[in-house]
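The values are calculated or read from the model by the stated rules, or taken from the named source; none is laboratory data. Owing to the predicted nature of the structure, the values given are computational and were not obtained by experimental measurement. Note that each Cβ is placed from the backbone with ideal geometry, even for glycine, and that neighbours are counted across all protein chains shown. The protein model used for the area step is the full one, side chains on, heavy atoms only, and it has no ligands, DNA or RNA in it. Shrake-Rupley method; radii C 1.70, N 1.55, O 1.52, S 1.80 Å.
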Amino acid sequence: MTSVSQQSSLGEQSSGHADQASGAARLGMGLVEFIVTIAVMTASIALAIDSMLPALPSIGQTLDVANANDTQLVIGVFFLGFGLSQIFFGSLSDAFGRRSVLLGGLALFSLSMFAASWVESIETLLLLRFIQGIGGAAVRITTMAIVRDCFGGRDMARVMSYVMIVFMIVPIVAPTLGQVVIAYADWHWIFILIGVVGAALFVWALTRMKESLPKEERLPLSVLSGFRTVLTNRITCGYMIGMTLFTAVICAYVVSVQQVFGEVYNLSDWMPIAFAGTAGGIAVANFANGYFVRSFGMRRISHAAMILFTLFAAIGYVLSLAGTPAFAISYLLFSLLLMFFAVIATNFTAISLEPMGHLAGTATAVTGFVSTTGGALIGGAVGQLFDGTLQPLFGGYALFGLLTILATLWAENGKLFTHPGDSDATHEHGGGHL
């Protein structure tokens with residue numbers, strides 16, 4: 001009996017690896033090259049955000065920004081452009097293919113970065129940051145759709161977890177990179193560096209990546225039908241609400257982190273290292289998710305993380321009401337909350353796209369438009385509430401977690417931790433098209 005069970009387990013693992021290798025072959029790549037390519041493409045967006053963090057005070061001083069909270073807009077406006085434009089790129093990629101939209105996005109991203117290196121006013125910088133967000137949105141939408149084209153179910157969640165491991169290396173090193181640049185040169189050089197990265201990715205995509213969506217599977221250009229499809233699917237819509245609230249979680253953290261570590265705890269010089277530690281926790285969480293998701297399922301893991309996130313956020317809020325918690329306690333709480341965030345975001349994204357089949361581009365665009373725009377506005381509002389304490393951040397997190405639990409209960413008809421699709425081996429191990 002044991003031998004038969006072991007052989008069956010080995011057969012399932014072999015089948016899973018074969019499915020993943022064949023999925024990557026759609027782009028003409030091996031699995032490792034596929035994961036690294038998709039990860040670096042998406043990581044360029046994180047680089048455009050996180051490398052700015054140490055430079056925000058310098059940007060504010062150079063461009064005569066009076067209110068310190070207003071420098072958060074350098075991050076927030078990027079998120080806004082990133083969110084608002086996603087709706088168009090999904091339909092474009094479903095109608096014309098992923099590759100052309102990806103190349104256009106990389107070109108726009110790179111050119112606007114180079115242009116930002118010449119700015120002399122905060123208004124011009126914010127305009128270019130909005131445009132950079134638009135270019136980043138095209139990259140994000142097409143890379144997510146490519147993953148959905150090539151993989152389905154738990155295979156998609158597993159690949160996305162490994163993509164996120166590579167992706168999270170950038171937030172670990174990006175703030176340090178930004179700090180090194182402003183230590184030896186002007187902050188404008190950060191934009192030049194990111195522009196060079198974007199240009200290199202454009203050349204790589206042009207020469208190495210094939211189209212993942214065959215012409216016979218493309219759809220007519222229609223944004224409204226995509227909205228209708230997503231909003232009428234209970235699973236996709238419910239998990240999209242959760243993704244919106246957890247986008248607000250990461251947005252609120254990113255726009256506030258420089259002030260939290262710098263003003264609350266007087267650790268401005270150590271901010272990149274502290275930020276790197278929390279980013280490293282996210283990478284560990286994604287690695288663990290990739291390892292365990294095929295055994296326990298996306299819902300069981302993400303639902304448990306969602307409940308624990310809400311509990312720990314509530315604890316942080318109660319502690320902050322009594323005064324500023326010790327740095328070690330706050331840092332531990334932030335690290336745990338962001339690890340839960342990573343698990344929730346990765347699995348919620350996969351679950352929300354699961355029913356969408358080859359409509360993945362439009363579905364990714366709609367869910368991305370709603371979650372990123374809504375999350376940027378909500379998270380940015382929490383950031384603007386910064387008052388020298390941790391109460392707005394922890395309080396917002398606890399509220400976001402509670403609302404996510406309610407949205408998930410609605411999506412799953414009142415049930416958590418289990419769903420018929422999780423045990424459907426045919427569905428989970430199938431290809432990306434339903």
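Volume of the convex hull of region 193-332 (Cα atoms only), normalised per residue: 211 Å³. Determine Rg/Rh for region 86-180; Rg is computed over alpha-carbon atoms and Rh is the Kirkwood hydrodynamic estimate from the same atoms. We get a ratio of 1.05 for region 86-180. For the chain, averaging the sequence separation of C-alpha pairs within contact (under 8 Å, six or more residues apart) and dividing by the residue count gives a relative contact order of 27 percent. To the nearest ten degrees, helix 169-184 and the longest principal axis of the Cα atoms of the chain are 30 degrees apart. For region 212-280, the normalised intensity computed at q = 0.27 Å⁻¹ comes to -1.13 (log10 of I(q)/I(0), Debye sum over alpha carbons, equal scatterers, no solvent). Counting only DSSP H runs of at least 4 residues, each contributing -39500 (n - 2.57), and dividing by the residue count of the chain, the helix-based mean residue ellipticity at 222 nm comes to -26500 deg cm²/dmol. When you restrict to C-alpha pairs under 8 Å that are six or more residues apart and normalise by the size of region 237-337, the relative contact order lands at 25 percent.
Between 0 and 90 degrees, the angle of helix 327-353 with respect to the longest Cα principal axis of the chain falls at about 40 degrees.
Among 307-314, 30-37, how do they line up from the highest to the lowest mean number of other beta-carbon atoms within 10 Å?
By packing density, highest mean first, the sequence is 307-314, 30-37.
Each of T176, S225, I165 was placed along the dipole of region 154-230 (beta-carbon charges, centred on the mean Cα), and the one lying farthest toward the positive end is S225. Got a number for carbon plus sulfur as a percent of the chain's accessible area, 1.4 Å probe? Taking all protein chains in place, the chain shows 69 percent carbon and sulfur surface. Residues in region 317-380 average 29 Å² of solvent-accessible surface per residue, probe 1.4 Å, ligands and nucleic acids excluded. For region 317-411, a Kirkwood radius taken over Cα pairs fed into Stokes-Einstein (20 °C, viscosity 1.002 mPa s) yields D = 140 µm²/s. Sorting the segments 212-220, 342-350, 249-257 by their mean number of nearby beta carbons within 10 angstrom, highest to lowest, gives 342-350, 249-257, 212-220. Can you run the Rg to Rh ratio on region 247-324? Use alpha carbon positions and the Kirkwood inverse-distance Rh. Taking Rh as the inverse mean 1/r over Cα pairs, Rg/Rh reads 1.04.
Label point of V173 set 7 angstrom out along Cα-Cβ; within region 120-163, amide nitrogens under 17 Å from it belong to 163. Compute the Cα gyration tensor for the chain, then decide on rounded, prolate or oblate, letting a ≥ b ≥ c be the square roots of its eigenvalues: rounded whenever a/c is under 1.5, prolate when a/b is larger than b/c in the other cases, and oblate in all that remain. Here the chain falls in the oblate category. In whole Å and largest first, what semi-axes does the C-alpha gyration tensor of region 106-236 yield when each eigenvalue is scaled by 5 and square-rooted? In descending order the semi-axes read 32, 19, 16 Å.
Rounded to two decimals, the Cα-based Rg/Rh of region 45-94, with Kirkwood Rh, is 1.14. Take each peptide in 92-104, 365-377, 402-414, count the other Cβ atoms within 10 Å of every residue, and average; sorted highest first, the result is 365-377, 92-104, 402-414.
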